[in-house]
Amino acid sequence: MTVWLFALAYLALINLITFQVWAADKRRAICRERRVPADRLLLMCALGGWPAALLATRLFRHKSAKRSFGRKFGWVMAAQATAVVATIIVFKAL
């Protein structure tokens, strides 16, 4: 039970941070200031923040026109979904 609470708290925190970084990067893009590197944004997604990143992409229309970034983002989401399904299968087998 404690592991699941820790996992939920972690996911809530990483998604909150990811959303804020996405919003800050959009603000910086509008103001023509120094941006957050795309690799850092993708790392945050890979660490579990992809739901917030997807929401921020749609809400702010940020990074939606960059096809190469979109492909990488899609791969991160697919890898995360695969990891979740694999985890569920492993825990059900135990």
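The table for this structure:
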read-out	value
Which numbered condition Leu42 fails, given (1) touching a helix residue (DSSP H, G or I) at 6+ places or on another chain (Cβ under 7 Å); (2) modelled with pLDDT under 90	(2)
Yes/no for Arg58 being in a helix (DSSP H, G or I) and surrounded by 13 or more Cβ atoms within 10 Å (Cβ to Cβ)	no
Tabulated pairs, region 11-26, first aromatic (Phe, Trp, Tyr), second not in a helix (DSSP H, G or I), C-beta under 9 angstrom, 6+ apart or interchain	Trp22/Val36; Trp22/His62; Trp22/Lys63
Qualifying residue in region 36-45 (condition: outside any helix (DSSP H, G or I) and either of a type in the set (Phe, Trp, Tyr) or over 10 Å from the mean Cα position of the chain (by Cα) (or both))	yes
Any hit, region 46-54, residues being surrounded by 12 or more Cβ atoms within 10 Å (Cβ to Cβ), more than 12 Å from the chain's Cα centre (by Cα) and of a type outside the set (Phe, Trp, Tyr)	no
Subset tally (residues that are touching a Lys or Arg at 6+ places or on another chain (Cβ under 9 Å) and either at pLDDT 90 or above or open to solvent by less than 40 Å² (accessible area, probe 1.4 Å) (or both)) for region 64-86	3
Neighbours by Cβ (under 6 Å, 6+ apart or cross-chain): first from region 67-94, under 17 Å from Ala56 (Cα atoms); second of a type in the set (Gly, Ala, Ser) and part of a helix (DSSP H, G or I)	Phe69/Ala38; Val76/Ala46
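Listed here are the residues, each with its yes/no results for (1) in contact with a helix residue (DSSP H, G or I) (Cβ under 6 Å, 6 or more places away or on another chain); (2) modelled with pLDDT under 95; (3) open to solvent by less than 90 Å² (accessible area, probe 1.4 Å); (4) closer than 25 Å to Phe91 by Cβ.
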position	(1), (2), (3), (4)
Val3	no, yes, no, yes
Leu8	no, yes, no, yes
Ile14	yes, no, yes, yes
Lys26	yes, yes, yes, no
Ala38	yes, yes, yes, no
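The values are calculated or read from the model by the stated rules, or taken from the named source; none is laboratory data. Please read all numbers here as calculations on a predicted model, not as lab measurements. A quick note on method: Cβ atoms are made from the backbone with ideal geometry, for glycine too, and the neighbour counts reach across all protein chains shown. Please note that ligands, DNA and RNA were not included when accessible areas were found on the heavy atoms of the full protein model with its side chains. Shrake-Rupley method; radii C 1.70, N 1.55, O 1.52, S 1.80 Å.
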